[in-house]
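The values are calculated or read from the model by the stated rules, or taken from the named source; none is laboratory data. Owing to the predicted nature of the structure, the values given are computational and were not obtained by experimental measurement. Here the Cβ positions follow ideal geometry from the backbone for every residue, glycine too, while neighbour counts run over all protein chains shown. All accessible areas refer to the heavy atoms of the entire protein, side chains included, with ligands and DNA or RNA removed. Shrake-Rupley method; radii C 1.70, N 1.55, O 1.52, S 1.80 Å.
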Amino acid sequence: HGLQSFLPILRDQGTPAHVVCTSSIAGLWSGVPFIGPYAVSKVGVVSLCETLRDELRATGSPIGVSVLVPSSVSTNVMESERNRPDRLGSE
């Protein structure tokens, strides 16, 4: 949604600008056990940004694109199943 909202504004300005998207180190790895759906979404962010960068370059746009890929951050993401409502059942 951010790209859809702000990219047209950046293009209309016609001045140098830069887009930074946040993915995860999981966006650069494949085959890591237990994080398949998470990794797929992060690979998608990396692919989207690589494609956007190439498309902007091809049109001579002054807009750059980068992807932030942080590594391990201390969270409870691997325990998030505990928040799943009982009515949805388990996997």
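Some observations on this one:
- Sole exception among (1) in a loop (DSSP other than H, G, I, E, B); (2) loosely packed, with under 10 Cβ neighbours inside 10 Å for Pro37, by number: (1)
- Search result, residues across the range 46-77 that are more than 16 Å from the chain's Cα centre (by Cα), surrounded by 13 or more Cβ atoms within 10 Å (Cβ to Cβ) and part of a loop (DSSP other than H, G, I, E, B): Ser61, Pro62
- Among residues of the range 36-58 that are within 30 Å of Gly14 (Cβ to Cβ), those with a beta-carbon under 6 Å from a residue that is at pLDDT 95 or above and of a type outside the set (Lys, Arg) at least six positions away or on a different chain give the pairs Val45/Cys21; Val46/Val67; Cys49/Cys21; Cys49/Val65; Cys49/Val67; Leu52/Val65; Arg53/Val65; Leu56/Ile63.
- Restricted to the range 1-20, and to residues there that are open to solvent by 100 Å² or more (accessible area, probe 1.4 Å) and either in contact (Cβ under 8 Å) with a residue 24 or more places away in the chain or of a type in the set (Lys, Arg) (or both), the residue that is nearest to Gly64 (Cα to Cα) is His18.
- Restricting the range 1-34 to residues that are under 17 Å from Arg53 (Cβ atoms) and either in a loop (DSSP other than H, G, I, E, B) or among the polar types (S, T, N, Q) (or both), the residue that is farthest from the chain's Cα centre (by Cα): Pro16
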